[in-house]
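A.B. asks: One structure is given below, represented as structure tokens, and several questions about it will come after.
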Amino acid sequence: MKRAILLIGANGQVGRELNNRLPRLGEVTSLDRQKLDLARPEEIRRAIRSFRPALIVNAAAYTAVDKAESEQALARAVNAEAPAVMAQEAKKIGADLVHYSTDYVFDGLKTTPYNEDDRTSPQNVYGKTKLEGENAILESGVPHLIFRTAWVYATEGWNFLLTILRLATQREELRIVCDQTGAPTWSREIAEATTQILSKVWAGIDGPLSLSGVSGIYHMTAGGETTWFDFAKAVLKKGLVMEASTPWFAAATGNLPLIARRILPIPTKDYPTAAARPAYSVLSNNRLAHTFSLQLSDWRAQLNSVFDVYPGGSSSA
């Protein structure tokens with residue numbers, strides 16, 4: 001008999017991909033924001049007590065980084081208080097917990113990749129609330145895996161990839177920040193890596209490890225590093241030769257041609273936002289590789305896969 005998995009945030013960028021992969025490991029119940037309001041702790045408690053899963057995978061988050069500055073209470077409820085409740089309830093029923101966090105827990109002052117044990121110092125409300133969520137899980141004592149990722153994009157939802165393609169149908173010239181460095185990471189790679197890890201440490205399919213034996217924080221991002229400016233250039237280059245009728249690409253562009261021909265680099269100070277961003281937020285994935293013998297591909301290879309290997313952008317495996 002398959003063990004029960006509760007997937008929370010099933011309609012998000014990572015959640016959609018997990019929804020197609022986690023059934024390899026168990027019987028999945030998927031809840032999106034319409035079925036579970038993470039700002040209501042009692043709803044979370046009821047759901048977990050009702051389904052009594054052996055594993056909870058929380059792919060939900062309040063990710064509107066700038067809006068969080070003016071909606072601090074809601075951001076904290078979803079990013080900090082909800083994971084705390086999940087951890088408490090999971091501990092009570094003997095379940096394990098997988099949770100996703102962010103590069104924004106760091107201040108961005110380093111010039112080499114951040115390790116999991118580096119000092120955290122978030123510079124915005126989003127990062128602060130995500131760090132609070134991490135700490136609540138750590139303090140609960142529940143067996144857990146916390147995966148910090150960064151610059152996540154997908155062929156659905158709201159993200160940098162789709163924004164660049166949309167803007168490229170509207171403007172001949174784009175101005176993109178060039179002094180923030182990170183590792184753009186495709187949601188499908190995050191979901192696939194998560195599933196592979198769980199097959200080793202939870203489902204007992206691929207190895208003898210136990211989740212409780214490897215509990216902790218792990219960085220999970222694409223290899224390499226780039227800037228938003230260079231990522232935008234790479235997206236536009238691929239977009240200009242993309243088959244316009246490809247479903248996800250057509251949806252992103254509204255079936256309009258790309259007219260952008262120039263991308264200009266600008267400093268962060270010329271693009272003011274409500275929330276401060278770290279200048280450098282590349283994460284070291286060494287602990288992930290050492291513990292699970294797994295490493296995500298380079299950000300360029302991931303972007304190529306989005307356009308070339310899976311041109312339809314389907315979230316099916």
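The values are calculated or read from the model by the stated rules, or taken from the named source; none is laboratory data. The structure presented is a predicted model; accordingly, all values stated were derived computationally and were not measured. Virtual Cβ from ideal backbone geometry, glycine too; neighbours counted across all protein chains shown. These area figures cover heavy atoms from the full protein model, side chains too; ligands, DNA and RNA do not enter into them. Shrake-Rupley method; radii C 1.70, N 1.55, O 1.52, S 1.80 Å.
A.B. asks: Within the stretch 221-250, take every residue that is modelled with pLDDT of 90 or more and not in a helix (DSSP H, G or I) and give me the one that is farthest from Ser281 (Cα to Cα).
C.D. replies: Ranking the qualifying residues of the stretch 221-250, first place goes to Leu240.
A.B. asks: Checking Tyr62 against (1) within 23 Å of Gly15 (Cα to Cα); (2) open to solvent by 70 Å² or more (accessible area, probe 1.4 Å), which test does it fail?
C.D. replies: Every listed condition holds for Tyr62 apart from (2).
A.B. asks: If you scan the stretch 239-298, which residues turn out to be open to solvent by 40 Å² or more (accessible area, probe 1.4 Å), free of Cβ contacts under 8 Å to residues at least 40 places away in the same chain and closer than 30 Å to Lys200 by Cα?
C.D. replies: His290, Ser293
A.B. asks: Looking at Ala274, Ala289, can you tell me which residue is of a type in the set (Gly, Ala, Ser) and either assigned to a helix (DSSP H, G or I) or under 23 Å from Ser187 (Cα atoms) (or both)?
C.D. replies: Of the residues listed, the single one that is of a type in the set (Gly, Ala, Ser) and either assigned to a helix (DSSP H, G or I) or under 23 Å from Ser187 (Cα atoms) (or both) is Ala289.
A.B. asks: Could you tell me whether Leu109 is over 18 Å from Asn79 (Cβ atoms), in contact with a strand residue (DSSP E or B) (Cβ under 8 Å, 6 or more places away or on another chain) and open to solvent by 30 Å² or more (accessible area, probe 1.4 Å)?
C.D. replies: yes
A.B. asks: Condition first: touching a Cys at 6+ places or on another chain (Cβ under 6 Å) and over 24 Å from Glu17 (Cα atoms). Can you find one or more residues in the stretch 232-244 that meet it?
C.D. replies: no
Here is a yes/no grid of residues against (1) in contact with a Phe, Trp or Tyr (Cβ under 8 Å, 6 or more places away or on another chain); (2) under 21 Å from Trp151 (Cβ atoms):
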{"site": "Val177", "(1), (2)": "yes, yes"}
{"site": "Gln180", "(1), (2)": "yes, yes"}
{"site": "Ser199", "(1), (2)": "no, no"}
{"site": "Gly223", "(1), (2)": "yes, yes"}
{"site": "Phe229", "(1), (2)": "no, yes"}
{"site": "Ser245", "(1), (2)": "no, no"}
{"site": "Ile259", "(1), (2)": "no, no"}
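A.B. asks: Okay, moving on. Among the residues of the stretch 82-116 satisfying the criterion of being in contact with a Gly (Cβ under 8 Å, 6 or more places away or on another chain) and among the charged types (D, E, K, R), which is farthest from Ala183 (Cα to Cα)?
C.D. replies: Of everything passing the filter in the stretch 82-116, Lys91 is farthest from Ala183 (Cα to Cα).
A.B. asks: Could you figure out which of (1) surrounded by 13 or more Cβ atoms within 10 Å (Cβ to Cβ); (2) part of a helix (DSSP H, G or I) isn't true of Ile217?
C.D. replies: For Ile217, the failing item is (2).
A.B. asks: Right, something else. What strands (runs of 3 or more DSSP E), lying completely within the stretch 1-92, carry at least 1 residues that are over 27 Å from Val201 (Cα atoms) and at pLDDT below 95?
C.D. replies: Qualifying strands (runs of 3 or more DSSP E): none found.
A.B. asks: Sort out which residues of the stretch 121-135 are surrounded by 20 or more Cβ atoms within 10 Å (Cβ to Cβ) and farther than 16 Å from Asp66 by Cβ, and write them in order of number.
C.D. replies: Within the stretch 121-135, Leu131, Gly133, Glu134 meet the criteria.
A.B. asks: Do we have any residue at all in the stretch 169-177 that's modelled with pLDDT of 95 or more, among the charged types (D, E, K, R), open to solvent by 20 Å² or more (accessible area, probe 1.4 Å) and touching a Leu at 6+ places or on another chain (Cβ under 9 Å)?
C.D. replies: Within the stretch 169-177 (the criterion being modelled with pLDDT of 95 or more, among the charged types (D, E, K, R), open to solvent by 20 Å² or more (accessible area, probe 1.4 Å) and touching a Leu at 6+ places or on another chain (Cβ under 9 Å)), the answer is yes, since at least one residue qualifies.
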